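As structure tokens, the structure follows; a few thoughts come after it.
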Amino acid sequence: MFSRILTSALFAGAAAGLIAALLQLYFVQPVLLHAELYEGGDLVHFGADPVTAHPELPGMFAEPVRDGLSIIFTMLTYTGYALALVALMSIAEQQGREINGRTGLLWGLAGFVAFHFAPGLSLAPEVPGVAAADVGVRQVWWTATVATAGVAMWLIAFGGNLVSYLIAAGLLIAPHVVGAPEPDTFAGPVPTEIGALFAARAFGIGMAAWVLLGSFAGYFWQAEGKRANAAA
């Protein structure tokens, strides 16, 4: 069982992580580099003269070492996600649930809700230079929100009764009723258009990556199961 979990997670995490990293380098990194120009003072928003919205930015793999390390780190991160996802899939399969590439899509969507959408609803992805609350407090709130959203997703999927659904709804909304940590004042040199674009692309790529991760995890879990049965 452990070998099946590990093998499935390694393949699924590496594949989804590689795709996610390439999407981030192409779609997200230019937005971050653009924001850093405002953070460093190279560009000034609302200055005396209008500023171009399309400055010259380094291309993809302009810094191969940094970008290569970013790809490796993203692959390792999604492999960690895959280990947790496949472990939960194994529990669900023992309870009689079907696990394959198609059902894995739903698992991926649930993972996106738990790790990205639920915390991002009140603690949105941020570009460099924006005002923010203390990082330690934000980490505590983020962790609690991910945990409650993860339990809520499980209850929605496998609870099977009204009480489970009501508990899940309460778990989803509770962190936002408490409220995410907010800065005392708003400040930051980066235009709001860049911040909005960054948040939108972070959510979009996060959803795509999690859907792929779930599908890959379900596929490899099923494939490893068939291989193990054939060898038995």
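The values are calculated or read from the model by the stated rules, or taken from the named source; none is laboratory data. It should be emphasised that the depicted structure is a prediction, and the values quoted were computed from it without experimental measurement. Every residue, glycine among them, receives a Cβ derived from its backbone with ideal geometry; neighbour counts consider all protein chains shown. Calculation scope for accessible area: heavy atoms of the full protein, side chains included, ligands and nucleic acids excluded. Shrake-Rupley method; radii C 1.70, N 1.55, O 1.52, S 1.80 Å.
Among residues of the range 189-232 being at pLDDT below 90 and under 30 Å from residue 43 (Cβ atoms), the one that is most open to solvent (accessible area, probe 1.4 Å) is 192.
So which residues in the range 80-109 are of a type in the set (A, V, I, L, M) and under 8 Å from residue 217 (Cβ atoms), if there are any at all?
So in the range 80-109, the residues of a type in the set (A, V, I, L, M) come out as 82-89, 91-92, 99, 105-106, 109.
Answer for the range 80-109, where residues must be of a type in the set (A, V, I, L, M) and under 8 Å from residue 217 (Cβ atoms): 82, 85, 86, 89.
One residue alone among 11, 27, 61, 46 is without any contact (Cβ under 8 Å) to a residue 12 or more places away in the chain and hydrophobic (A, V, I, L, M, F, W, C), and that residue is 46. Checked against (1) open to solvent by less than 60 Å² (accessible area, probe 1.4 Å); (2) in contact with a helix residue (DSSP H, G or I) (Cβ under 7 Å, 6 or more places away or on another chain), residue 68 meets all criteria but (2). For the range 138-155, residues that are open to solvent by 80 Å² or more (accessible area, probe 1.4 Å) and in contact (Cβ under 8 Å) with a residue 40 or more places away in the chain total 0. Just checking, which of 195, 206, 188 is touching a helix residue (DSSP H, G or I) at 6+ places or on another chain (Cβ under 9 Å), in contact (Cβ under 8 Å) with a residue 24 or more places away in the chain and at positive phi? Unique residue meeting the criteria: 188.
Scanning the range 106-135 for residues that are farther than 21 Å from residue 197 by Cα and surrounded by 16 or more Cβ atoms within 10 Å (Cβ to Cβ) gives 107, 108, 109, 110, 111, 114. Reported count of residues in the range 31-58, each being more than 11 Å from residue 190 (Cα to Cα), modelled with pLDDT of 85 or more and open to solvent by 40 Å² or more (accessible area, probe 1.4 Å), is 3. Of all residues in the range 44-92, those that are assigned to a helix (DSSP H, G or I), over 18 Å from the mean Cα position of the chain (by Cα) and under 23 Å from residue 22 (Cβ atoms) total 6.
Among the numbered conditions (1) under 24 Å from the mean Cα position of the chain (by Cα); (2) assigned to a loop (DSSP other than H, G, I, E, B); (3) of a type in the set (S, T, N, Q), the only one that residue 215 does not meet is (2).
Consider the range 158-188. How many of its residues are assigned to a helix (DSSP H, G or I) and open to solvent by less than 60 Å² (accessible area, probe 1.4 Å)?
Going residue by residue through the range 158-188, those that are assigned to a helix (DSSP H, G or I) are 158, 162-178.
Filter once more, so that each one left must be open to solvent by less than 60 Å² (accessible area, probe 1.4 Å): 158, 164, 168-172, 174-176.
Going through the range 158-188 one residue at a time, the tally reaches 10.
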